[in-house]
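Below is one structure; the comments refer to it alone.
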Amino acid sequence: MVESATGGTLLDKTFRVSLVLKGLDGVLELVGGILLLLVSPAQVGFLVQFLTQHELSEDPHDLIATALVHLAGTMTVSATLFGAIYFLLHGLVKIVLVWAVLKDKLWAYPWMIAFLGVFILYQSYELVVAFTWGMVLLTAFDIFIVWLTVHEYRAHRTRAKDANLQGQPVPEDVTQPREGR
């Protein structure tokens with residue numbers, strides 16, 4: 001593994017940066033969920049009209065602007081509430097798991113892998129139903145984070161097992177690996 005000049009491998013630093021990005025995504029989801037609770041579908045429609053009017057005046061067939069206007073026009077109160085709850089829960093779980101993994105809480109690694117695995121499955125379904133390059137990139141990023149998380153989890157378990165075999169105390173937040181695993 002390539003060691004960087006400031007300590008830790010390049011893979012370790014990539015893992016940390018990826019987690020921070022995932023955590024920031026969680027914060028944005030929380031903010032989005034709160035906004036969806038505070039703003040009515042009519043207000044969202046007005047805001048989208050306001051933000052896209054310049055683009056649509058230049059190109060009335062702009063794909064993104066027309067899609068946003070259409071989506072905003074079809075929003076209902078129940079869809080907005082569902083979106084708000086989804087974003088709030090998803091963002092909160094993501095923030096808690098990212099925080100715990102960054103604090104090297106060993107219990108959080110399998111939860112992070114499982115949580116992202118469920119969303120990778122959902123995103124894969126969405127790709128089949130309605131393909132978008134944004135969803136492809138998000139899914140690829142999540143797969144990359146899962147791969148990094150598995151790698152880091154194995155490294156932590158190996159260090160804990162090695163410390164146990166050498167009779168050194170294992171840090172309190174690192175669980176003992178079970179024999180036969």
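For region 23-130, please list each of the helices (runs of 4 or more DSSP H) lying entirely inside it that holds at least 3 residues being under 30 Å from T149 (Cβ atoms).
Numbers: elements: 41-58, 63-73, 77-102, 108-129.
Ranges flagged: 77-102, 108-129.
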(request) Could you tell me which numbered condition Y125 fails, if it satisfies all but one of (1) open to solvent by 30 Å² or more (accessible area, probe 1.4 Å); (2) within 21 Å of L21 (Cα to Cα); (3) at pLDDT 90 or above? (result) (2)
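Suppose we filter V77, V20, V27 for residues that are surrounded by fewer than 13 Cβ atoms within 10 Å (Cβ to Cβ), touching a residue at least 12 places away in the same chain (Cβ under 8 Å) and under 27 Å from F141 (Cα atoms); which single one remains?
Working: V77 fails: under 27 Å from F141 (Cα atoms); V27 fails: surrounded by fewer than 13 Cβ atoms within 10 Å (Cβ to Cβ).
The unique qualifying residue is V20.
Whether any residue in region 38-46 is of a type outside the set (V, I, T) and surrounded by 15 or more Cβ atoms within 10 Å (Cβ to Cβ) is what I want to check. Talk me through it step by step, then tell me what you get.
Applying the first criterion (of a type outside the set (V, I, T)) to region 38-46 yields 38, 40-43, 45-46.
Narrowing further to those that are surrounded by 15 or more Cβ atoms within 10 Å (Cβ to Cβ): 41, 45.
Scanning region 38-46, I find at least one residue that is of a type outside the set (V, I, T) and surrounded by 15 or more Cβ atoms within 10 Å (Cβ to Cβ), so the answer is yes.
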(request) Examine region 90-109 for a residue that is exposed (fewer than 11 other Cβ atoms within 10 Å of the Cβ), at pLDDT below 90 and not aromatic (F, W, Y), and state whether such a residue exists. (result) no
(request) Sort out which residues of region 149-181 are modelled with pLDDT of 70 or more and of a type in the set (S, T, N, Q), and write them in order of number. (result) T149, T158, N164, Q166
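The values are calculated or read from the model by the stated rules, or taken from the named source; none is laboratory data. Small disclaimer: the values here were computed from a predicted structure and weren't measured. We place every Cβ from the backbone using ideal geometry, glycine too, and count neighbours over all the protein chains shown. These accessible areas exclude ligands, DNA and RNA; they are computed on the full protein's heavy atoms, side chains included. Shrake-Rupley method; radii C 1.70, N 1.55, O 1.52, S 1.80 Å.
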